[in-house]
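Derivation of every value follows stated rules applied to the coordinates shown; laboratory data play no part. The structure displayed is predicted, hence computed values, not measured ones. All Cβ positions, glycine included, derive from the backbone under ideal geometry; neighbour counts span all protein chains shown.
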Amino acid sequence: MIRTCCLLSLICSASIYFAQAKDAYYGEVITKIDNTDEGSDTSRLLYCRNTVGNRLSVYAVRDGVISEAASYRFTETSSGLFCERRSLISSGQMKESLRIEFEDKLSTVVINKTDRYTLFPAYYLTFKQEVKARHSIMAMLNLLSDAIGDYPIADALPLLNYTPKLTKKISQARIVTQRSQADIKDTWTCKYYYNKHNWLDSVRAFSPEEIRFSKKIHYSRSNVSSIITYLNIESRQTTKRSITYDMTNGSTLQWQEQVFETGKNQETLSSITLIKNDLGMLRKMEPSKIEVLELIKAAKKR
């Protein structure tokens with residue numbers, strides 16, 4: 001009897017292991033409707049993820065044409081752990097990568113040897129397990145989702161805005177950016193403030209001379225109602241953005257943006273609606289061009 005129970009236990013454990021080990025893929029489409037000018041301008045982003053969580057593919061589509069496609073994944077070499085973004089349509093297979101290091105004594109994650117994110121100890125242990133052991137792309141991207149540093153993650157930001165990480169995770173950060181028009185680097189001190197419920201209240205990144213980034217979160221009961229951000233790019237361009245969450249429809253976001261270009265003395269206002277549709281399970285992690293367009297059409301019908 002004992003031998004039979006042990007055998008059944010082993011069979012169940014093996015079944016669970018192989019069920020978890022077998023990867024699957026699912027897709028989401030975010031429709032971006034720009035209502036700024038007369039007549040709306042529509043584009044779409046297709047996100048393909050695997051259930052294991054260590055891969056992400058992004059396809060940007062406008063007027064039936066794929067304008068950009070990229071994959072995110074981790075690579076480990078003798079030089080360390082890297083989060084890599086690789087173009088899927090460039091003939092040269094262009095890639096950009098972020099190097100990730102861990103300092104256990106300080107509960108700190110180091111990006112590209114310069115940017116230092118000090119986490120609360122409990123979250124640091126969770127984050128390290130998710131990223132170093134499981135290679136979780138979403139965990140890595142969520143850490144950098146404010147995009148204060150020079151990170152190649154712009155095409156992932158619309159998806160990240162649907163699930164903002166607002167619990168007590170980051171204590172403080174120090175981020176270094178490279179000037180685009182001069183051989184100068186700026187260092188930003190980043191402060192994170194939490195309310196009495198231990199939810200993120202605001203973020204502020206600044207140097208002795210100026211503010212680079214600020215974020216303020218507004219809540220309605222236990223839900224986020226809006227997130228307002230400010231970004232200063234080398235005193236050449238400032239962006240004020242407001243993302244409003246629809247409490248009755250979690251798939252819809254309203255994105256208002258005001259961009260002021262100092263050198264041109266020009267201001268641009270935009271009003272954008274983002275709508276997310278789940279496609280369910282997919283056959284491929286990286287579909288062909290024809291398959292991408294078919295998935296976009298399927299999202300339109302939902």
Of 113/240; 276/300; 113/185; 128/169, those spanning more than 18 Å from alpha-carbon to alpha-carbon: 113/240
Three-way shape label, region 23-300, alpha-carbon gyration tensor, a/c 1.5: rounded
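For the ranges 270-277, 26-33, what's the packing order if you count other beta-carbon atoms within 10 Å of each residue, average per peptide, and put the highest first? Kindly include the intermediate steps, with their values, before the conclusion.
Numbers: 270-277: 17.4, 26-33: 19.0.
Per-residue mean Cβ counts within 10 Å order the peptides as 26-33, 270-277.
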Neighbour-count ranking [beta-carbon atoms within 10 angstrom, fewest first] of 180, 171: 180, 171
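I'd like to verify something in the chain: which complete DSSP H helices, judged by Cα projection on the helix axis, reach 18 Å or more and average at least 0.0 on the Kyte-Doolittle scale? Walk me through the numbers on the way to the answer.
On the way: long enough: 2-21 (28 Å, 1.41).
TM-like helix candidates: 2-21.
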Those aspartates and glutamates that a straight Cα-Cα span of less than 15 Å connects to residue 297, excepting residues fewer than 8 apart in one chain: 28, 63, 278
Sparse-neighbourhood loop sites, GluC sites (Glu not before Pro) in region 233-302 - DSSP loop, at most 16 other Cβ within 10 angstrom: 234
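So if I take the alpha carbon set of region 225-302, get Rg, then get Rh from the Kirkwood formula, what is the Rg over Rh ratio?
Working: Rg = 17.7 Å, Rh = 15.5 Å.
Checking Rg against Rh, the ratio lands at 1.14.
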The chain, helix-only ellipticity at 222 nm - DSSP H runs n ≥ 4, -39,500 (n - 2.57), divided by all residues, nearest 500: -5000 deg cm²/dmol
For region 146-178 and region 188-237, distance of Cα centres in Å: 11
